[in-house]
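Structure, as structure tokens:
The values are calculated or read from the model by the stated rules, or taken from the named source; none is laboratory data. These figures come from a predicted structure and were not determined experimentally. Note: ideal-geometry Cβ built from the backbone for every residue, glycine included; neighbour counts use all protein chains shown.
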């Protein structure tokens, strides 16, 4: 299975009394995200499933990915993608989707970099997951202990202007 980890793009600062979960993407964030997604599309990325944190900024990021990458189906909101969720719980969610050839997960830090380290079997690994960064990991076996291989990362800076 190809697993794509997509950190949400730049979001607005929370206003007084505004819940963190309600923050929307900024125009700059959308622009940087689209650059990353166009590079991914050129590389042939087309996930068969898109899962997202229920937070607004992650859902908006997932919607842009679905559009630019031409993904079928609906975006599924899952609690296992909220910022303080457990990589292990998210791995169990991924494992439950064995029939998918590729899956895109739209979420937050610190979960995205922690999940990458967990999937690579290197919990001490420190991955600098910039906003709107997209990481591809390949996982041939979906057993209880993940054994993924890091294929690449696209950041807004590497996606060009």
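Details
Per-residue answers, yes or no, for (1) under 13 Å from residue 51 (Cβ atoms); (2) in contact (Cβ under 8 Å) with a residue 60 or more places away in the chain; (3) touching a helix residue (DSSP H, G or I) at 6+ places or on another chain (Cβ under 9 Å):
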residue	(1), (2), (3)
105	yes, yes, yes
115	yes, yes, yes
127	no, no, yes
134	no, yes, yes
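- Residue within region 73-83 that is in contact with a strand residue (DSSP E or B) (Cβ under 7 Å, 6 or more places away or on another chain), in a helix (DSSP H, G or I) and either surrounded by fewer than 20 Cβ atoms within 10 Å (Cβ to Cβ) or at pLDDT 95 or above (or both) present: yes
- Matching residues, region 84-107, being touching a strand residue (DSSP E or B) at 6+ places or on another chain (Cβ under 9 Å), closer than 17 Å to residue 137 by Cβ and assigned to a loop (DSSP other than H, G, I, E, B): 97, 100, 101
- From the list 143, 70, the one residue that fits, being out of contact with any strand residue (DSSP E or B) (no Cβ under 9 Å at 6 or more places or on another chain) and under 23 Å from residue 29 (Cα atoms), is 70.
- Subset of region 143-159 [surrounded by 20 or more Cβ atoms within 10 Å (Cβ to Cβ) and closer than 21 Å to residue 99 by Cα]: 146, 148
- Condition met for residue 36 (in contact with a strand residue (DSSP E or B) (Cβ under 7 Å, 6 or more places away or on another chain), farther than 13 Å from residue 106 by Cα and crowded, with 20+ Cβ neighbours inside 10 Å): yes
- Residue match in region 144-153 (condition: within 25 Å of residue 69 (Cα to Cα) and assigned to a loop (DSSP other than H, G, I, E, B)): no
- Qualifying positions in region 3-42 - in contact with a helix residue (DSSP H, G or I) (Cβ under 8 Å, 6 or more places away or on another chain) and at pLDDT below 95: 14
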